[in-house]
């Protein structure tokens with residue numbers, strides 16, 4: 001399973017990632033129903049069209065590194081501002097203590113991004129233009145995102161392979177100040193082109209930045225000690241009722257397998273700060289649920305209900321209540337998770 005690259009102290013200002021998974025050492029769940037999301041469980045607008053960014057967005061949202069807008073919308077296709085990128089980096093790499101009154105001429109006091117930009121400036125991660133401005137609310141370009149991200153990662157002690165790449169068809173459009181950063185993050189598999197082009201001067205979307213940041217947080221060391229991002233199809237996000245588990249390694253994964261929807265899970269467990277699961281066959285949404293006079297009947301059989309039982313709507317993924325809901329006009333299909341004869345969760349679809 002991917003691990004964050006361990007930072008070594010190589011300068012007087014070294015950042016540490018603030019991202020830490022919940023610690024677990026015992027079995028968390030056994031013989032339960034789990035949900036492998038095929039859409040975001042945090043944002044209603046991150047769905048099929050963003051499958052390439054789904055795991056990254058939900059991972060970062062769960063860690064509090066990215067936020068949505070009103071009504072649980074992430075606005076994944078919108079351009080990301082320069083200020084918002086610095087804010088994300090500040091949360092991910094715990095820059096808060098480096099903030100003071102030293103800032104750029106055009107960064108107002110008491111903005112949500114003021115402290116983050118001050119910290120990044122003091123760390124030497126960002127610099128202003130000839131007039132001393134940062135242009136915080138301007139859209140971020142792809143090459144500037146790469147330069148700022150590489151500067152940040154170097155502050156964690158990471159040393160990159162900066163061998164110049166020439167694989168992009170539009171390499172001549174990359175600014176001189178960005179060439180080393182583009183090469184470093186391309187060699188580390190953090191940055192990929194678009195149909196053979198980098199499009200360095202194009203703006204970068206909120207979804208694209210989430211993927212860059214996720215890959216950076218998942219950097220490992222290769223055999224030469226260089227940072228590398230490795231795609232792991234056996235690592236996914238999972239939900240168990242109203243609990244979210246990020247980057248769970250599926251121990252019985254088979255080559256080419258993909259996961260989406262409800263599954264019977266024989267075991268979900270943790271070791272240290274990493275989570276593992278054994279997923280079996282898909283769970284069918286064919287249970288008939290009746291809740292009447294505090295009696296739960298599932299497919300005609302009366303079952304007991306756990307005190308902390310959850311009722312979950314799959315799309316959008318949301319907690320409905322702490323007691324069962326009868327299937328019928330609104331929620332037509334359901335799957336019941338039963339452990340030791342007691343219902344612990346019911347998943348509903350409309």
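The values are calculated or read from the model by the stated rules, or taken from the named source; none is laboratory data. Keep in mind it's a predicted model, so treat the numbers as computed, not measured. Heads up, the Cβs are rebuilt from the backbone with ideal geometry, glycines too, and the neighbour counts pull from every protein chain shown.
Of all residues in region 172-193, how many are over 19 Å from residue 139 (Cα atoms) and either at pLDDT below 95 or loosely packed, with under 13 Cβ neighbours inside 10 Å (or both)?
Counting residues in region 172-193 that are over 19 Å from residue 139 (Cα atoms) and either at pLDDT below 95 or loosely packed, with under 13 Cβ neighbours inside 10 Å (or both) gives 4.
May I ask you to verify whether residue 238 is touching a strand residue (DSSP E or B) at 6+ places or on another chain (Cβ under 7 Å), buried (at least 18 other Cβ atoms within 10 Å of the Cβ) and not in a loop (DSSP other than H, G, I, E, B)?
Numbers: touching a strand residue (DSSP E or B) at 6+ places or on another chain (Cβ under 7 Å): yes; buried (at least 18 other Cβ atoms within 10 Å of the Cβ): yes; not in a loop (DSSP other than H, G, I, E, B): yes.
Here the answer is yes, as residue 238 does meet what is asked.
So residue 266 clears everything in (1) surrounded by fewer than 19 Cβ atoms within 10 Å (Cβ to Cβ); (2) in a loop (DSSP other than H, G, I, E, B) except one condition, right? Which one?
That leaves (2) as the condition not met.
Just for strands (runs of 3 or more DSSP E) wholly inside region 270-328: which have at least 2 residues that are touching a residue at least 40 places away in the same chain (Cβ under 8 Å)? Steps first, answer last, please.
On the way: elements: 274-282, 289-292, 295-298, 301-314, 317-321.
Of the strands (runs of 3 or more DSSP E) lying wholly inside region 270-328, those with at least 2 residues that are touching a residue at least 40 places away in the same chain (Cβ under 8 Å) span 274-282, 295-298, 301-314, 317-321.
Residues that are surrounded by fewer than 12 Cβ atoms within 10 Å (Cβ to Cβ) and more than 34 Å from the chain's Cα centre (by Cα): does region 275-293 have at least one?
Yes; the residues of region 275-293 include at least one that is surrounded by fewer than 12 Cβ atoms within 10 Å (Cβ to Cβ) and more than 34 Å from the chain's Cα centre (by Cα).
Could you list, in sequence order, all residues of region 42-58 that are surrounded by fewer than 23 Cβ atoms within 10 Å (Cβ to Cβ) and under 20 Å from residue 318 (Cβ atoms)?
Within region 42-58, 42, 44, 45, 47, 48, 50, 55 meet the criteria.
Quick check on residue 20: is it at pLDDT below 65, more than 12 Å from the chain's Cα centre (by Cα) and within 22 Å of residue 209 (Cα to Cα)? Break it down stepwise before answering.
On the way: at pLDDT below 65: yes; more than 12 Å from the chain's Cα centre (by Cα): yes; within 22 Å of residue 209 (Cα to Cα): yes.
Taking the combined requirement at face value, the residue satisfies it.
If I filter region 42-61 for residues that are modelled with pLDDT of 95 or more, touching a helix residue (DSSP H, G or I) at 6+ places or on another chain (Cβ under 9 Å), farther than 25 Å from residue 279 by Cβ and assigned by TED's automatic domain parsing to the domain that holds residue 145, do I get at least one hit?
The answer is no; no qualifying residue exists.
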